[in-house]
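To start, the structure under review is shown below, and the notes come after it.
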2 protein chains.
Amino acid sequence: MTHGFQLTELTCDKLDRVKRDPRYKKITDKDIAYFKTILPHWRVLVQGEIPEEVHLEYANDWYNVYRANTPVILLPETTEHVSEILKYCNQESIAVVPQSGNTGASGGSIPVFDEIIISTRVLNRIRSFDELRGDLVCEAGCVLQELDNFLSQAGFQVPLDLPARHLCHIGGNISTNAGGIRQMRFGNLHGSVMGLEVVLPDGTILDNLTTMRKDNTGYHLKNLFIGSEGTLGFVTAVSIATQRIRPAVNVFLLAFCSFEDVVKAYTLARRELPETVAAFEVLDSDTIEVVRDQDFQIPKGSSFPINDTHPFYVVMETAGKDKDIEDLRADRFVKFLKEEGVTLDSGVARTQEEIERFWSWRNNVPKAIVQSAPSSIHFDVSLPLPELYNLVKACREWATAEGLIGPDILAVYGYGHVGDGNMHLTIPALRDDEALRVKIDDFVYGWTAQFKGSCSAEHGIGLMKSPYLAFTKSSTMIANMRKIKDVFDPKGIMNPYKVFPTKEQEEHGELVRRRAQAGC
Amino acid sequence: MTHGFQLTELTCDKLDRVKRDPRYKKITDKDIAYFKTILPHWRVLVQGEIPEEVHLEYANDWYNVYRANTPVILLPETTEHVSEILKYCNQESIAVVPQSGNTGASGGSIPVFDEIIISTRVLNRIRSFDELRGDLVCEAGCVLQELDNFLSQAGFQVPLDLPARHLCHIGGNISTNAGGIRQMRFGNLHGSVMGLEVVLPDGTILDNLTTMRKDNTGYHLKNLFIGSEGTLGFVTAVSIATQRIRPAVNVFLLAFCSFEDVVKAYTLARRELPETVAAFEVLDSDTIEVVRDQDFQIPKGSSFPINDTHPFYVVMETAGKDKDIEDLRADRFVKFLKEEGVTLDSGVARTQEEIERFWSWRNNVPKAIVQSAPSSIHFDVSLPLPELYNLVKACREWATAEGLIGPDILAVYGYGHVGDGNMHLTIPALRDDEALRVKIDDFVYGWTAQFKGSCSAEHGIGLMKSPYLAFTKSSTMIANMRKIKDVFDPKGIMNPYKVFPTKEQEEHGELVRRRAQAGC
């Protein structure tokens, strides 16, 4: 089943829960004229003056859930441009949304009402690269895949990889603390990012763009901007410790009869291949079906590398330096899993073509699901490892009991990053219905809170999950976050309506979280 | 040469540059009586009531540079104890110094005047350990080596290692963002620490002790407490993603004729052994001599494993899963270095005994230097890799030209972590002379600023380097750090006189930094 593209309703019409804050000025022609004194006039994209499809590139999100009436999109070319723009917006109380590749999954990069967009799109130079250690300094608008292409010439790679790599910008990756499929190998961005250049809302340029691996001089302010979703400042450039490419890659496709066996295999992989296991992704059989049905496998129409149907599959990758050694280890490991009775079937890919073919079954899941149904509801929860798939089961049972499957939703899919305890529960809904979304959200986040999980593992809170922040974080934590927000953005111009819940939502969430933790 | 232990002068008498802040209350009997209502009376150590040597365990630093007249040392047993103590101190404006293992190298854990000490010493329980993923939750007072002993039973290790491992507490490691000799393998603590429990100065317990590998829900507040040296709150517990032990260890001792060759070998090691190289430590020949002279090698009196004398040595470690594979790779790499003409000589240790013997030449350097001269001045700077040893050369030339070698100092030693660009320049001084220290500091930090280096790579700022913070960080950065300090500790009771420079020092530092960066 494939649906045609249908423009989603404007977010401000769809979401009753958010009201426009009258503190923010409505943009006038005078403001636009001023922006044209800062930027070349072709870097100021005014709604109505540009084609609708260009406006939508910025004003509509990748999942087609959020759409905004943003009056103007600014494309600064330099950090100084960003500084001048923000200084003016702060003085004039103009609300702004920083936007990178616009591939975010929580609606964080789309305005809600008439906030203006400041895009990183032409802020995309590589400033320096040191081949001795692999220290990369680049601007926020560099596309992740393009950085990898550049680095690969010197034998290095960005220590981050996600299916949106061809579109997402490194600035957005930083601002959402993107995780992705190789986080189990290279750790999170708080570990890899050495420094940031950030423009604060008042136009101050925070010059923390160091390439020092170690620098314990005062507070590590940069970490505040990693994962704060553009609510504290605008990241203009980033310095990353990149990693040597490990060219000897093996990609395993493993079949299992239960999620317990998936966890067993994960534990064995960490024990037997601690220095080379780079990814360990689980997919349930329904998720594999949707990739096949939507013809998203590579090459098109090719069959799944494992013949029979099994309840669970894992795409696992190892990467090391020496081909002979890694191939030997891979064979040894597959044999070991079989002997232990953990896997039902398995295949190993070694050529570039085979590797891409194996990975396509995982990497094309989001696209296939989006294509399968007019509206998809994507979750991104963290849970203790043994509970990870129980959420999917519980959700499926609940949706069946509620009579949702059929009339409202197509199915309940479960796939995700086992090693990070990160499940992407996904529900293809048959219509874009806010009440349905809220009903499902309430169930999923309530269940997650019971097991002390997180309502967002790697996608961030954005607009989508702000009502549920307090399901994961205590009021004490949120109160201290608000204090930090006030320090950097006292006028609240940076990405408003995002991340923070309303007071009522916070109180409700605190209640749910406390009850869940008390085991009620 | 060996000096006898001589008690250092009280810090408040030695340092003219710091004045006692009259905002802070002087402790009274009433305060001590109150502390005894919070803690069992034997957990309240009052100066004069306890033996002098017990008082010195807390009031004197490991390097014998700082000593305090602290009137009372509190040993809380629980997080609630810490909360009650801080709440009272905040109300009463009593200044406090959080102290862990007291092995810090910048004087951060010793009071300057009459601040009280709150020690983590009996806050040392392991709260939980999950063998599936290696998630450890423990209290701040756990000794690093003891955590490793505990974890090793399940095949895991703390992703941090330093020579003070037998004494330092994990809470202090967190608060100073300790780096150590395996940071190049496991990254920094911002990457490994999943959550913290922190008591804020007003007694609020910040409950962020999660074991989720991924949790992008709002600001990552925990990172503010990693490396803030107890100036924002008191870390009571920590949750760490530990690492599988890689049992197949090879330790290399390599000899070089120049630092350029050391850098070449480092680059080759990262290229050839990207997934297994775990440590890469350089020592110059004078540093090796001092370990030998002070008889700190293991076993005592044993000779250096390389016969001839060479200008530079490297202790390098690789660690992997499979012994056959790692031994093969090690032999291959040593042969490769020889063929490339990079090394002059080499040895590889494989048995536990040999490995300890090789490492003893590196790990005992701080102890040997401290024993060699009454006073040692330890630096911990970050620099671009090619400049790393030039600092030592420049300092040696400068000290010779100034006529310091002989009358004032014994020598200039250089050793450190090549991969992290972290040089431990060390100067054994013949007396504890503040003017001499300032003279040398000015030279070293001025030189470091010229190359955009950092005055503290991993030891933190503490009391020692606060005058030099602005040599590394801009006034904009420092201004924002001060704002963060005001958010969490508006009354300034947490570890006062540390980290931040005075206004004059900041202005001077800003000038030095700007001049250096402008190439003047």
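Before moving on, here are some points about what is shown:
- Flag for A:I405 being within 21 Å of A:A164 (Cα to Cα), more than 20 Å from the chain's Cα centre (by Cα) and hydrophobic (A, V, I, L, M, F, W, C): no
Residues checked against (1) among the hydrophobic types (A, V, I, L, M, F, W, C); (2) on the phi < 0 side of the Ramachandran plot; (3) touching a Pro at 6+ places or on another chain (Cβ under 9 Å):
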| residue | (1), (2), (3) |
| --- | --- |
| B:T400 | no, yes, no |
| B:I405 | yes, yes, no |
| B:D408 | no, yes, no |
| B:H424 | no, yes, yes |
| B:D441 | no, yes, yes |
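To keep it simple, each residue is scored yes or no on (1) in contact with a Cys (Cβ under 9 Å, 6 or more places away or on another chain); (2) at pLDDT below 95; (3) part of a loop (DSSP other than H, G, I, E, B).
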residue	(1), (2), (3)
A:N102	yes, no, yes
A:A105	no, yes, yes
A:D114	yes, no, yes
A:N124	yes, no, yes
A:R127	yes, no, no
A:D148	no, no, no
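- Residues that are more than 9 Å from chain B (Cβ to nearest Cβ) and over 24 Å from A:V97 (Cβ atoms), drawn from the range A:186-217: A:M194, A:G195
- Count of the range B:275-333 residues, restricted to those that are of a type in the set (D, E) and either crowded, with 21+ Cβ neighbours inside 10 Å or in contact with a Gly (Cβ under 7 Å, 6 or more places away or on another chain) (or both), is 6.
- Residue ID - nearest to A:L463 (Cα to Cα), chosen from residues in the range A:48-95 that are of a type in the set (F, W, Y) and outside any loop (DSSP other than H, G, I, E, B): A:Y58
- For the range A:383-409, a residue qualifies if it is farther than 12 Å from A:I440 by Cβ, touching a Phe, Trp or Tyr at 6+ places or on another chain (Cβ under 9 Å) and part of a loop (DSSP other than H, G, I, E, B), and the qualifying residues are A:L383, A:P384, A:L388, A:Y389.
- Applying the criterion of being in contact with a helix residue (DSSP H, G or I) (Cβ under 9 Å, 6 or more places away or on another chain) and of a type outside the set (A, V, I, L, M, F, W, C) to the residues of the range A:464-477, the residue that is surrounded by the fewest Cβ atoms within 10 Å (Cβ to Cβ) is A:S475.
Yes/no per residue for (1) in contact with a strand residue (DSSP E or B) (Cβ under 6 Å, 6 or more places away or on another chain); (2) away from every other protein chain (no Cβ under 14 Å); (3) over 18 Å from A:I181 (Cβ atoms):
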{"residue": "A:Y219", "(1), (2), (3)": "no, no, yes"}
{"residue": "A:T242", "(1), (2), (3)": "yes, no, no"}
{"residue": "A:V251", "(1), (2), (3)": "yes, yes, no"}
{"residue": "A:T276", "(1), (2), (3)": "yes, no, no"}
{"residue": "A:D293", "(1), (2), (3)": "no, yes, yes"}
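- With respect to (1) free of Cβ contacts under 8 Å to residues at least 24 places away in the same chain; (2) in a loop (DSSP other than H, G, I, E, B), the lone exception for B:T37 is condition (2).
- Matching entry among B:V438, B:V487 (being over 21 Å from A:K214 (Cβ atoms), of a type in the set (A, V, I, L, M, F, W, C) and at the interface with chain A (Cβ under 7 Å from one of its Cβ atoms)): B:V487
- Qualifying residue in the range B:129-145 (condition: under 18 Å from the mean Cα position of the chain (by Cα) and without any contact (Cβ under 8 Å) to a residue 24 or more places away in the chain): yes
- A:T217 meets the stated requirement of being in contact with a Cys (Cβ under 7 Å, 6 or more places away or on another chain), assigned to a loop (DSSP other than H, G, I, E, B) and in the same structural domain as A:L151 (by the TED database).
- Residue in the range B:457-467 that is in contact with a His (Cβ under 7 Å, 6 or more places away or on another chain), modelled with pLDDT of 95 or more and outside the structural domain of B:I181 (by the TED database) present: no
- The one condition from (1) part of a strand (DSSP E or B); (2) on the phi > 0 side of the Ramachandran plot that A:E317 does not meet is (2).
- Single residue of A:G171, A:G179 found to be under 22 Å from A:A457 (Cα atoms) and facing chain B (nearest Cβ under 10 Å): A:G179
- Some residue of the range B:135-151 being small (G, A, S), within 29 Å of B:N422 (Cβ to Cβ), in contact with a strand residue (DSSP E or B) (Cβ under 6 Å, 6 or more places away or on another chain) and facing chain A (nearest Cβ under 10 Å): no
- Scanning the range B:65-84 for residues that are in contact (Cβ under 8 Å) with a residue 60 or more places away in the chain and either in contact with an Asp or Glu (Cβ under 8 Å, 6 or more places away or on another chain) or aliphatic (A, V, I, L, M) (or both) returns B:V65, B:R67, B:T79, B:V82.
- Any hit, the range A:231-243, residues being over 30 Å from A:N495 (Cα atoms) and surrounded by fewer than 24 Cβ atoms within 10 Å (Cβ to Cβ): yes
- Among the residues of the range B:251-309, those that are part of a loop (DSSP other than H, G, I, E, B), hydroxyl-bearing (S, T, Y) and in contact (Cβ under 8 Å) with a residue 24 or more places away in the chain comprise B:S258, B:T276, B:S302, B:T309.
- Lone unmet requirement of (1) assigned to a strand (DSSP E or B); (2) over 25 Å from B:G509 (Cα atoms); (3) polar (S, T, N, Q) for B:T426: (2)
- Scanning the range B:333-388 for residues that are more than 22 Å from B:I427 (Cα to Cα), more than 14 Å from chain A (Cβ to nearest Cβ) and touching a helix residue (DSSP H, G or I) at 6+ places or on another chain (Cβ under 8 Å) turns up B:L337, B:E340, B:V342, B:T343, B:S346, B:G347, B:V348, B:A349, B:R350.
- Candidate set: the range A:420-463, residues that are crowded, with 17+ Cβ neighbours inside 10 Å and basic (K, R); chosen: the one nearest to the chain's Cα centre (by Cα): A:R437
- No other residue among B:R362, B:R350 is assigned by the TED database to the domain that holds B:E260 and surrounded by fewer than 21 Cβ atoms within 10 Å (Cβ to Cβ) apart from B:R350.
- Number of positions in the range B:443-477 that are hydrophobic (A, V, I, L, M, F, W, C) and either at the interface with another protein chain (Cβ under 7 Å from one of its Cβ atoms) or not in a helix (DSSP H, G or I) (or both): 8
- Given (1) assigned to a helix (DSSP H, G or I); (2) more than 18 Å from the chain's Cα centre (by Cα); (3) within 7 Å of chain B (Cβ to nearest Cβ), number of the condition A:R246 does not satisfy: (1)
- The single condition from (1) within 23 Å of the chain's Cα centre (by Cα); (2) away from chain A (no Cβ under 14 Å) that B:F280 fails is (2).
The values are calculated or read from the model by the stated rules, or taken from the named source; none is laboratory data. Bear in mind that the values here come from a model prediction, so they are computed numbers and not experimental data. Please note: Cβ atoms are built from the backbone with ideal geometry, for glycine as well, and neighbour counts cover all protein chains shown.
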